[in-house]
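First the structure, in the form of structure tokens, and then the observations on it.
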Amino acid sequence: MSRLEGKVALVTGGARGIGRAICEAFIAEGARVAVADLLAQEAAETAAALGANAMAVTMDVTSPEAIASGVGEVEKAFGGIDILVNNAGIFNMASIDKITFEDYRRQYDVNVAGTIFAIQAVVPAMKRRGGGAIVNFASQAGRRGEPNITIYCSTKAAVISVTQSLALELARDNIRVNAIAPGVIDTPMWDIVDAKFAEYENKPLGQKKREVGEAVPLGRMGDPGEVAGPCIFLASDEARYVTAQTLNVDGGNWMS
């Protein structure tokens, strides 16, 4: 029997990158999957590629109303929600003299508030199913500070804290809350990150990406599919006694 047979999963930021890899892996493990993303066309294309057990949901995680509406769509179509993967996130970098309040608010709205209010929206659905599993996406950047990335690092540290607090709060409802802290994963987002480093460190495009891959103890950047496997574990009954944890999936960059 597949590890997620009969489960319904909602994956935010599911249209591409790590999110799409998770959606593909969940489908392969027997789940029905809602591909939720602000990129409506890409979400629809991903869901279509995944087949009859997938649906697309247009979702802006900065809007609690949009989140609640999307959760309602999934419940109506699939009968409930057992798994939430909070993968939606954005990245930007700026030195302290260039940080803007607007960018601060945007990163916190997506990375932190989006996580909190997606959890708020699915908890009633999970209670009706007798429990559930939530997997939040932090980052190795949430484990340590990095120059010129003050806001992003702090949002991912906040995700780790949110994971711990809500895991304790929701344990009595049989809802487990864990997180994954990826390291450097080769996704479209890393092209954005590389371009930002090129600007701030005066490096050619592609150089930072190559450098960070070579610096990983395993000697390379990760593949999105290598994050999907740990996510399956945390979402499955194999992890039924695991909650409030943040799992590093980073090739050995961080030890905890």
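The values are calculated or read from the model by the stated rules, or taken from the named source; none is laboratory data. This structure is a prediction, so every number in the text was calculated from the model and none was measured. Glycine also receives a Cβ, built like all others from the backbone with ideal geometry; neighbour counts cover every protein chain displayed.
The table that follows gives values for the structure above.
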| quantity | calculated |
| --- | --- |
| All positions within segment 76-96 that are over 17 Å from SER154 (Cα atoms) and either more than 20 Å from the chain's Cα centre (by Cα) or acidic (Asp, Glu) (or both) | LYS76, ALA77, PHE78, GLY79, GLY80, ASP82 |
| Any hit, segment 167-181, residues being surrounded by fewer than 20 Cβ atoms within 10 Å (Cβ to Cβ), in the same structural domain as ARG129 (by TED's automatic domain parsing) and either within 19 Å of ALA94 (Cα to Cα) or of a type in the set (Phe, Trp, Tyr) (or both) | no |
| Subset of segment 17-32 (residues that are in a helix (DSSP H, G or I) and either surrounded by 19 or more Cβ atoms within 10 Å (Cβ to Cβ) or of a type outside the set (A, V, I, L, M) (or both)) | GLY17, ILE18, GLY19, ARG20, ALA21, ILE22, CYS23, GLU24, ALA25, PHE26, ILE27 |
| Contacts under 7 angstrom Cβ, first residue in segment 167-180 being without any contact (Cβ under 8 Å) to a residue 60 or more places away in the chain, partner part of a strand (DSSP E or B) and small (Gly, Ala, Ser), 6 or more apart | ILE175/GLY132 |
| Residue in segment 191-225 that is farthest from ALA118 (Cα to Cα), counting only those that are of a type outside the set (Gly, Ala, Ser) and crowded, with 19+ Cβ neighbours inside 10 Å | LYS208 |
| Residue satisfying condition, being under 30 Å from PHE101 (Cβ atoms) and not small (Gly, Ala, Ser), within set LEU205, LEU218 | LEU205 |
| Filtered residue count, segment 167-186, keeping only those that are hydrophobic (A, V, I, L, M, F, W, C) and part of a strand (DSSP E or B) | 6 |
| First in segment 3-32 and more than 15 Å from VAL135 (Cα to Cα) and at pLDDT 95 or above, second anywhere and part of a helix (DSSP H, G or I) and acidic (Asp, Glu), Cβ under 7 Å, 6 or more apart | ARG3/GLU238; ALA15/GLU42; ARG16/GLU42 |
| Residue within segment 2-16 that is surrounded by fewer than 24 Cβ atoms within 10 Å (Cβ to Cβ) and assigned to a helix (DSSP H, G or I) present | no |
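For (1) of a type in the set (Ser, Thr, Tyr); (2) surrounded by 14 or more Cβ atoms within 10 Å (Cβ to Cβ), each residue gets a yes or a no:
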| residue | (1), (2) |
| --- | --- |
| ALA48 | no, no |
| ALA54 | no, yes |
| VAL61 | no, yes |
| LYS76 | no, no |
| ASN86 | no, yes |
| ILE90 | no, yes |
| SER95 | yes, no |
| ILE99 | no, yes |
| ASP103 | no, yes |
